[in-house]
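The values are calculated or read from the model by the stated rules, or taken from the named source; none is laboratory data. A quick note: this is a predicted structure, and the numbers were derived from the prediction, not measured. Cβ placement follows ideal geometry from the backbone for every residue including glycine, while neighbour counts extend to all protein chains displayed.
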Amino acid sequence: MALDLDAIRRKLNNLQSSTGKTNNLWKPEPGKNQIRIVPYQYNKENPFLEMYFHYNIGKRNFLSPVTYGEADPVDEFAQQLRATGKSDDFKLARKLSPRMRTYVPVIVRGQESEGVKFWGFGKQVYTELLGFIADPDYGDITDLSGGRDITVEYTPAEGAGNFPKTGIRVKPNQVAATTDKNIADMIMNQQKDIYDIFKKVSYDELKGHLETWLNGGDSEEDTAAVEKTEAVTSTTSKTGNIDTAFDDLFNS
């Protein structure tokens, strides 16, 4: 009896989806990588997607409701901690505050047939990219017909206490994103919605995860669809006045 390869492939895809793994996110390989930022299918006027995350709450990462302009219980608790004026509370508040990471849709040169992926980066790269676009000598580098490719040079961290480095160089020549009709269709019509990758968490659910973590619980669950993009190393006690602050904020 022959194996049903299509069924096996579907099962594999389901398993990968259920563990939060996705092929829709792109990280540069060590060395030089060539990419092209393309328009975002769901907001063609702006491909830069500013998203805010909480990292390492009970060994998990969460998309902050601040991303949607909504109230965030973790951020509210962080503000409450800052108000105590105590050093340990301030350190924990820093850890709990949402951190912005910007994503853009890209095609990776040499891997165009894999479709559009999302590249996430911090403030420095974001600022540099906006600077190129604001420069009239470069203009809209995301334009499908007259935009520009980008070389991303990634250097992994070397040794304890060091951080990886990401350098970018926008190429001077204007080139089409693609001349392949199938790839053009993937760019314009088959992009993943980034909010299907990074799932929205309700206020009450996020509050519950925060309370569990503060009470000493550490979930072993998968990080769902939130990419772990940076290490958080600050630690502090989660007892005493912090518990009191939590009760004052949410239970009064």
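Restricting the first member to region 192-204 and to residues that are touching a residue at least 24 places away in the same chain (Cβ under 8 Å), and the second to residues that are loosely packed, with under 15 Cβ neighbours inside 10 Å and part of a helix (DSSP H, G or I), the beta-carbon pairs closer than 8 Å and six or more apart or on different chains are K200/Y68. With the structure loaded, tell me whether T151 is over 30 Å from G69 (Cβ atoms) and at pLDDT 95 or above or whether it fails that test. Yes. The set of residues in region 24-61 that are under 14 Å from Q191 (Cα atoms) and polar (S, T, N, Q) comprises N24, Q41, N43. Looking across region 66-78 at every residue that is of a type outside the set (G, A, S), in a helix (DSSP H, G or I) and in contact with a Ser or Thr (Cβ under 8 Å, 6 or more places away or on another chain), the one that is surrounded by the fewest Cβ atoms within 10 Å (Cβ to Cβ) is identified as D75. Do the conditions hold for V104, that is, is it under 25 Å from Q191 (Cβ atoms), aliphatic (A, V, I, L, M) and in a strand (DSSP E or B)? The answer is yes for V104. Contact annotation: residue pairs with Cβ atoms under 7 Å, 6 or more positions apart or on different chains, pairing a residue in region 163-180 that is without any contact (Cβ under 8 Å) to a residue 12 or more places away in the chain with a partner that is assigned to a loop (DSSP other than H, G, I, E, B), are F163/A157; P164/P156; P164/A157. Tell me, yes or no, whether region 26-49 has at least one residue that is under 25 Å from W213 (Cβ atoms), hydrophobic (A, V, I, L, M, F, W, C) and in contact (Cβ under 8 Å) with a residue 60 or more places away in the chain. No: region 26-49 contains no residue that is under 25 Å from W213 (Cβ atoms), hydrophobic (A, V, I, L, M, F, W, C) and in contact (Cβ under 8 Å) with a residue 60 or more places away in the chain. May I ask you to verify whether A184 is surrounded by 14 or more Cβ atoms within 10 Å (Cβ to Cβ), small (G, A, S) and at pLDDT 95 or above? In short, yes.
Would a scan of region 189-206 turn up a residue that is at pLDDT 95 or above, in contact with a strand residue (DSSP E or B) (Cβ under 6 Å, 6 or more places away or on another chain) and among the charged types (D, E, K, R)? Scanning region 189-206 turns up no residue that is at pLDDT 95 or above, in contact with a strand residue (DSSP E or B) (Cβ under 6 Å, 6 or more places away or on another chain) and among the charged types (D, E, K, R).
I'm trying to understand the selection: among the residues of region 24-53, which are touching a Lys or Arg at 6+ places or on another chain (Cβ under 8 Å) and at pLDDT below 95? Correct list: N24 only. Only one of the listed residues (T166, T178) is under 21 Å from E45 (Cα atoms) and β-branched (V, I, T). That residue is T178. All conditions but one from (1) out of contact with any helix residue (DSSP H, G or I) (no Cβ under 6 Å at 6 or more places or on another chain); (2) over 22 Å from V74 (Cα atoms) apply to T178; the one that does not is (1).
Restricting attention to region 92-114 and to residues that are farther than 21 Å from E50 by Cα and charged (D, E, K, R), the residue that is surrounded by the most Cβ atoms within 10 Å (Cβ to Cβ) turns out to be E112. Scanning region 189-199 for residues that are more than 16 Å from V106 (Cβ to Cβ) and loosely packed, with under 14 Cβ neighbours inside 10 Å returns N189, D196, K199.
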